[in-house]
Amino acid sequence: MIRAFDIVVVGAGPAGLAAATASAKAGRKVAVLDDNPNAGGQIWRAGAGKSAADRARERAVAAFEASGAVLLGGYQVVDATASPGALQAWMAAKQRVESFQFESLILATGARERFLPFPGWTLPGVFGAGGLQALVRGGYDVRGKRVVVSGTGPLLLAVAAHLKQDGAEIVTIAEQAPMRRLAGFAATLLSRPGKVLQGMRLRGELSSVPYRTGCWVVAARGSEVVTAVRLTDGSRTWDECCDLLACGFHLVPNTELASLLGCRVTDDGVEVNAEQQTSVAGVYCAGEPTGVAGVDAATVQGRIAGLVAAGQTAAAARLYTQRDAEVTFGRAMTRAFALRPELLRLAEPDTIVCRCEDVRLGELEGKMTPRRGWTDAKLQTRCGMGPCQGRICGPALEALFGWRNASVRPPIFPVPIAALCCAPPDDEVSILEPQEMSL
Ligand SMILES: Cc1cc2nc3c(=O)[nH]c(=O)nc-3n(C[C@H](O)[C@H](O)[C@H](O)COP(=O)(O)OP(=O)(O)OC[C@H]3O[C@@H](n4cnc5c(N)ncnc54)[C@H](O)[C@@H]3O)c2cc1C
């Protein structure tokens, strides 16, 4: 069975919800697929609380529901072609792959955290900063736990404030970017009172927590679990005792699906024109895959993509100025939180780099036969060939060695082979119109 829609959106975060709402309000049949059961993406994962983010989620979901677009939660898109417009999605709950057809596709696949390897980073108790926040939102208890938050990016403050609200003791926040760069970035925010207020609110909530700039993690220490974190500011090195380390080095755009479709991808993310159109006809992209710029950028880009895909180009054009300002903000943020070179020298020869396949840095640097690039590393060591398919080690190796994973092949996430074997051949499928199916 194939389900047919005018427009399919991949990702139900702020960008995807805004895109789907705009297209559906313009009268198009729209479906949004997301691998999570609920709408909201990364920032609105929490659900029904009372914070500003919860209220924003409520408004976005209410507008989405009123628009007539449908949400298909629990669908992970693993394969797609632009012409003809078709995609395959793995539905874990039903253990099967389902097919969809579309006239236009909007990619709103978000971003993920960047991890860099350092001694001890695979110890139990060491989490991605956003990952730990997501676990806590899902019920993981951090009450009374001493947590060091380190890495880089505005997410560190948001995570620290959230963990503190949930009863954790934040030992320190170690931000690798130097104060000089952060001060320059803060100056660019003066024309954006909303962001200034948000930053001041977070600093207020964390007023009792040391926030060290120009300070970074050197190693996580402990024999079975993390018990301390070694930090440095470049001139002094010391240990902070802790129960947990939450560590992430800003975000990297999720561009795999766009690459699979043949869209042009640059160092910043998926390349789009003013209309959020990618280099492939009929495929649009919005939000973090086009470059990390935050929730406001994601929302306005999504709205533009949705309007253009529905043929409402004049309405979309009225949003360009707002979008361009958000993109400029995103670029300033990327410059402010750029990685310092010292972070690329933390891993030692026996430090695991690819945690799915247990590949150590020494196997890649190999004194006798250093690996020549990503493909060579994959072939000789299985680096990047585990369940995450290089989503964690890939950006790290790009930062460390400049290697880029150029080849993206379906399925872009692992799928049980039985699910692929059972998919009916194309000539045996019938196409279901949205009004005929029970979602
Ligand atoms: C771990 C994490 C935590 C964050 N926490 C905060 C925070 O607390 N505060 C804050 O201001 N910002 C936070 N951010 C940044 C925030 O996510 C962005 O600013 C904004 O939400 C981006 O919106 P988006 O719609 O582009 O992407 P997202 O909100 O990331 O939405 C993308 C959605 O697409 C889905 N998806 C991706 N690929 C597929 C696929 N192949 N098939 C099906 N579904 C797919 C993802 O599961 C996700 O639900 C966080 C980012 C990350 C990575």
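Structure summary
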{"read-out": "Residue among L156, L135, L123, L116 that alone is within 14 Å of the ligand (Cβ to nearest atom) and touching a residue at least 12 places away in the same chain (Cβ under 8 Å)", "value": "L156"}
{"read-out": "Which listed residue, of L379, L397, is within 25 Å of L261 (Cα to Cα), in a helix (DSSP H, G or I), at pLDDT 90 or above and under 20 Å from the mean Cα position of the chain (by Cα)", "value": "L397"}
{"read-out": "The listed residue being modelled with pLDDT of 95 or more, within 25 Å of R221 (Cβ to Cβ) and touching a Leu at 6+ places or on another chain (Cβ under 8 Å), out of E175, E169", "value": "E175"}
{"read-out": "Index of the failed condition, D268 passing every other in (1) away from the ligand (no atom under 16 Å from the Cβ); (2) outside any helix (DSSP H, G or I); (3) of a type outside the set (A, V, I, L, M)", "value": "(1)"}
{"read-out": "Matching option when the condition is more than 16 Å from the ligand (Cβ to nearest atom), charged (D, E, K, R) and assigned to a strand (DSSP E or B), among E98, E103", "value": "E103"}
{"read-out": "Tally of residues being farther than 13 Å from V149 by Cβ and of a type in the set (K, R) across the stretch 208-227", "value": "1"}
{"read-out": "Test set (1) within 20 Å of Q276 (Cβ to Cβ); (2) within 11 Å of the ligand (Cβ to nearest atom); (3) small (G, A, S) - G74 fails condition number", "value": "(1)"}
{"read-out": "Scan of the stretch 302-314 for residues that are in a helix (DSSP H, G or I) and not charged (D, E, K, R), ordered by number", "value": "G302, I304, A305, G306, L307, V308, A309, T313, A314"}
{"read-out": "Checking R230 against (1) open to solvent by less than 20 Å² (accessible area, probe 1.4 Å); (2) out of contact with any helix residue (DSSP H, G or I) (no Cβ under 9 Å at 6 or more places or on another chain); (3) without any contact (Cβ under 8 Å) to a residue 40 or more places away in the chain; (4) within 11 Å of S150 (Cβ to Cβ), the condition it does not meet", "value": "(1)"}
{"read-out": "The stretch 138-153, subset within 13 Å of the ligand (Cβ to nearest atom) and surrounded by 14 or more Cβ atoms within 10 Å (Cβ to Cβ), residue nearest to R340 (Cα to Cα)", "value": "G151"}
{"read-out": "Options A12, A18: the member that is outside any loop (DSSP other than H, G, I, E, B) and either open to solvent by 10 Å² or more (accessible area, probe 1.4 Å) or within 15 Å of the ligand (Cβ to nearest atom) (or both)", "value": "A18"}
{"read-out": "Complete set of residues in the stretch 233-267 that are under 17 Å from P395 (Cα atoms), touching a residue at least 24 places away in the same chain (Cβ under 8 Å) and open to solvent by 20 Å² or more (accessible area, probe 1.4 Å)", "value": "H250, L251, P253, N254, T255, E256, S259"}
{"read-out": "Conditions (1) under 29 Å from Q198 (Cβ atoms); (2) more than 11 Å from the ligand (Cβ to nearest atom); (3) surrounded by fewer than 22 Cβ atoms within 10 Å (Cβ to Cβ); number of the one not met by G294", "value": "(2)"}
{"read-out": "Failed item, numbered, when G194 is tested on (1) among the small types (G, A, S); (2) under 20 Å from A168 (Cα atoms); (3) open to solvent by less than 80 Å² (accessible area, probe 1.4 Å)", "value": "(2)"}
{"read-out": "Of the criteria (1) open to solvent by 10 Å² or more (accessible area, probe 1.4 Å); (2) in contact (Cβ under 8 Å) with a residue 24 or more places away in the chain; (3) under 25 Å from the mean Cα position of the chain (by Cα), which one R221 fails", "value": "(3)"}
{"read-out": "Scan of the stretch 23-40 for residues that are more than 21 Å from the chain's Cα centre (by Cα) and either assigned to a helix (DSSP H, G or I) or near the ligand (Cβ under 7 Å from one of its atoms) (or both), ordered by number", "value": "S23, A24, K25"}
{"read-out": "Filter result (of a type in the set (V, I, T) and free of Cβ contacts under 8 Å to residues at least 60 places away in the same chain) within the stretch 159-179", "value": "I170, I173"}
{"read-out": "Filter result for A63 (open to solvent by 20 Å² or more (accessible area, probe 1.4 Å) and modelled with pLDDT of 95 or more)", "value": "yes"}
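Table: residues versus (1) crowded, with 22+ Cβ neighbours inside 10 Å; (2) within 9 Å of the ligand (Cβ to nearest atom).
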{"position": "Q42", "(1), (2)": "no, yes"}
{"position": "K50", "(1), (2)": "no, no"}
{"position": "D54", "(1), (2)": "no, no"}
{"position": "R57", "(1), (2)": "yes, no"}
{"position": "A69", "(1), (2)": "yes, no"}
{"position": "D79", "(1), (2)": "no, no"}
{"position": "A93", "(1), (2)": "no, no"}
{"position": "L107", "(1), (2)": "yes, yes"}
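This table checks each residue for (1) outside any helix (DSSP H, G or I); (2) within 16 Å of the ligand (Cβ to nearest atom); (3) open to solvent by 10 Å² or more (accessible area, probe 1.4 Å).
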site	(1), (2), (3)
V280	yes, no, yes
P289	no, yes, no
V300	no, yes, no
A316	no, no, no
D324	no, no, yes
T328	no, yes, yes
R331	no, yes, yes
P349	yes, no, yes
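The values are calculated or read from the model by the stated rules, or taken from the named source; none is laboratory data. Given the structure is predicted, the values throughout are model-derived calculations rather than measurements. Using ideal geometry, Cβ is built from the backbone for each residue, glycine included, and neighbour counts are taken over all protein chains shown. Just the protein is used for accessible areas: all its heavy atoms, side chains included, with ligands, DNA and RNA removed. Shrake-Rupley method; radii C 1.70, N 1.55, O 1.52, S 1.80 Å.
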